[in-house]
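Just below is one structure, and these are the notes that go with it.
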Amino acid sequence: MARPALWNDVFILRATLRRIEPRIWRTVQVPALYSLADLHQVLQLTFGWMDSHLHDFEVGDVRFGMADVEDELLAAEERFAPLGAIAAEGTAFVYRYDYGDDWKHDVFGERVIDGRSTWDVQTSCLGGARACPPEDCGGPPGYARMLEILADPRHEEHREIRTWVGKKYEPEFFDITAVNRKLSALGKRLGRDLQRREALRRRPR
């Protein structure tokens, strides 16, 4: 039986977009101290989303949502949910982004490793496949149709779609080097935030 995560541990998570073949996936390394709000930022950068829509997490029967967002469904606040408190090695949960396009990511805890000094852990992407779908393309069905049009230069909408996604968009290409440059900067900022939060928690009352 897998042990639960400790505060100085590091998660190796694999996130896969649902309803898309061939699969679009990313494997990331993040400290167990990261909140789900922090993990949201990591997943946004790693996949290539623009963080322009609402999101939430579903962990078992519990839904974790954003702060200060009116919602008909009751949700626990993601900022106060450390990854190490809600997940363990072998844990699976769902990350949903953009309620209109309904991008659902299956997130699986592949491994939990001893991070020893959490502040020194490098937040990084360890692997991945294929480019992120463009924002507002209509979810998995719209994305599939977009790929069909891009693959057919004679299609009447080909030029329009190519202009919309940009000449550099390549569905099969994932630039892990560029992603890790961005994650390095994000990891440093989140590390400083974690240190400030820990200092406040330990301050005598």
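The values are calculated or read from the model by the stated rules, or taken from the named source; none is laboratory data. Keep in mind the model is a prediction, meaning the values are calculated, not measured. Note that each Cβ is placed from the backbone with ideal geometry, even for glycine, and that neighbours are counted across all protein chains shown.
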Residue among R196, R205, R111, R162 that is basic (K, R) and modelled with pLDDT of 95 or more: R162
All positions within the range 174-192 that are surrounded by fewer than 14 Cβ atoms within 10 Å (Cβ to Cβ) and at pLDDT below 90: K188, R192
Qualifying residue in the range 179-196 (condition: without any contact (Cβ under 8 Å) to a residue 40 or more places away in the chain and within 18 Å of I24 (Cβ to Cβ)): no
